[in-house]
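Report on the following structure.
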Amino acid sequence: MTNPLFNRVEEQAIPISELNRRTRALLESSFPPLWVSGEISNLTKHGSGHWYFSLKDDKAQVRCVMFRHRNQYLDFTPKEGMQVEARVLVSLYEPRGDFQLNVETMRPGGLGALYEAFAKLKTKLETEGLFDPARKRALPAFPRQIGIITSPQAAALRDVLTTLKRRMPAITIVLYPTPVQGKGAHLQIAQAIQSANQRDECQVLILCRGGGSIEDLWEFNEETVARAIVASQIPIVCGVGHETDFTIADFAADQRAPTPTAAAELASPNRADLIQRIQALEQRMTHHMTRILETRMQHLDHLAKRLAHPGDRIQHQRQQLAHLAQRLLRAKQHRLDTQSWYVKQLTERLANAQPNLAPLQQRCTHLGTRLNLSIKNRLALARQEQARLSANLQHLNPQSILQRGYSIVRDAQGNIVRDSGAIEVGSSVNLKFAVGAASASITSKN
């Protein structure tokens, strides 16, 4: 089969530049982005921020370039002799005809044990049917509330909230906070999923966190998280890591998103198909322009190696330093302005919320006066009632009757004698007078 990029035309020769252009296009179209492993050698970090190095094993080596806009996102610093795994695009540097790999991202080598554990658990759960597409549920077209399971401090949360607000601001967001990294975080992630199902207030859940190494994302490769996702009655969209990252949670979820932002897009309805098309065209244009810029930047680096004067480089660095200093001052001033505006708002709210104490104090004084008057009146009535009761008590006091010459007669048992028939002649009685008492014997009775 004839390749259209190299149709044989014997009558006409093509320039070397055209040959290199066709070769580059053929390589980039024939080889999709893939992962390669090797040892770093001849590492050069150019003043422009781009890295040039070779990847080698015991039998071969290949030149590589990693541009500044890609290497600035690495979470480790590559060194000479380090074993790494790199996601690359096979390409050709046209001006010199050099075969090379354009590195998109890298990770340290030696992660085979984790990948083996990942593969074993994936096979086990897949055999049990946890990843079966027939089990998974479709996402609701118009959810009223969307739950987000992530850390409140995660950068992915800001991306998700921004995306949801842009796509459908009317949707209510419910956050189920949980750690997404560190020992034991998988238990708390599973607990957050169970809590969301118990509360049953959302129609779809987003499980998300930003990118990182395989160790950073390992909590999403735990069996506990996978089974909690499968047991969930609410559909779950999993957006963990970058586009190239895959976790067990991705396979167990009802929908897998390449990034947290994409998870928000899957969970929320789209307002216009035209926006999607524009975004797709923008991505294609950005990719194409990135390739062109990368080639131009690499060519510029090769020229700069021969033409750059040390004094020029120092001057350039001074300009960069001055530019960064200006940005720092502007950022500081912006921060101060924001905080001043916030303090002013709080001061106004405090002034509006401060109660008016004068009427309350006046009412308190008035109630105190009324209370004192009421107490005085109550005491006067109580004294009058006491005097009346004392008079009645004095009137009914038996001692008063005795003062008038009467006496109280009691038999030997101490019972009051009211009838002469209650005593017998010869019996003894006790007499109680107003002053003192006496004993008597009954000699006769009528």
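Quick check on the stretch 145-166: of everything there that is in contact with a Cys (Cβ under 6 Å, 6 or more places away or on another chain) and not hydrophobic (A, V, I, L, M, F, W, C), which residue is nearest to A190 (Cα to Cα)? Looking at residues that are in contact with a Cys (Cβ under 6 Å, 6 or more places away or on another chain) and not hydrophobic (A, V, I, L, M, F, W, C), I get T150. Among the residues of this structure, D98 counts as one that is closer than 17 Å to I292 by Cα and free of Cβ contacts under 8 Å to residues at least 60 places away in the same chain. Checked against (1) of a type in the set (A, V, I, L, M, F, W, C); (2) assigned by TED's automatic domain parsing to the domain that holds I148; (3) touching a helix residue (DSSP H, G or I) at 6+ places or on another chain (Cβ under 9 Å), L266 meets all criteria but (3).
Scanning the stretch 184-210 for residues that are of a type in the set (G, A, S) and touching a residue at least 40 places away in the same chain (Cβ under 8 Å) yields a total of 3. Checking each residue in the stretch 214-243 for being in a helix (DSSP H, G or I) and more than 20 Å from S151 (Cβ to Cβ) picks out E223, R227, V230, A231.
On the given criteria, is T163 part of a helix (DSSP H, G or I), of a type outside the set (K, R) and either at pLDDT 95 or above or touching a His at 6+ places or on another chain (Cβ under 6 Å) (or both)? Taking the combined requirement at face value, the residue does not satisfy it. If you go through the stretch 297-331 and keep only what is surrounded by 10 or more Cβ atoms within 10 Å (Cβ to Cβ), modelled with pLDDT under 90 and basic (K, R), you end up with K305, R313, R318. Would you mind stating whether R296 is within 33 Å of the chain's Cα centre (by Cα) and among the basic types (K, R)? In short, no. The listed residues are D216, D254, and the only one of them that is surrounded by fewer than 23 Cβ atoms within 10 Å (Cβ to Cβ) and at pLDDT below 90 turns out to be D216.
Which of the following residues is closer than 30 Å to C64 by Cα, in contact with a Cys (Cβ under 9 Å, 6 or more places away or on another chain) and β-branched (V, I, T): V103, V174? Show your work before the answer.
Values: V174 fails: closer than 30 Å to C64 by Cα.
The match here is V103.
When the criteria are applied in full, F142 meets the requirement of being in the same structural domain as A257 (by TED's automatic domain parsing), in contact (Cβ under 8 Å) with a residue 24 or more places away in the chain, of a type in the set (F, W, Y) and loosely packed, with under 12 Cβ neighbours inside 10 Å.
Note on the stretch 189-201: residues that are part of a loop (DSSP other than H, G, I, E, B) and either touching a Pro at 6+ places or on another chain (Cβ under 6 Å) or buried (at least 24 other Cβ atoms within 10 Å of the Cβ) (or both) amount to 0. Would it be correct to say that I292 is surrounded by 15 or more Cβ atoms within 10 Å (Cβ to Cβ) and either under 28 Å from W35 (Cα atoms) or in contact with a strand residue (DSSP E or B) (Cβ under 6 Å, 6 or more places away or on another chain) (or both)? In short, no.
Could you run through the stretch 58-73 and say how many residues are among the basic types (K, R) and either at pLDDT 95 or above or over 34 Å from the mean Cα position of the chain (by Cα) (or both)?
Within the stretch 58-73, the subset among the basic types (K, R) is 59, 63, 68, 70.
Now restrict to residues that are either at pLDDT 95 or above or over 34 Å from the mean Cα position of the chain (by Cα) (or both): 59, 63.
The number of residues fulfilling the criteria is 2.
For the stretch 403-421, filtering for residues that are farther than 21 Å from S441 by Cα and surrounded by 10 or more Cβ atoms within 10 Å (Cβ to Cβ) leaves 1. Checking the stated criteria, D245 turns out to be of a type outside the set (G, A, S), surrounded by 13 or more Cβ atoms within 10 Å (Cβ to Cβ) and assigned by TED's automatic domain parsing to the domain that holds L205.
The values are calculated or read from the model by the stated rules, or taken from the named source; none is laboratory data. This is a predicted model, so every value here is computed, not measured. In this analysis, Cβ positions are derived from the backbone assuming ideal geometry, glycine residues included, and neighbour counts consider all displayed protein chains.
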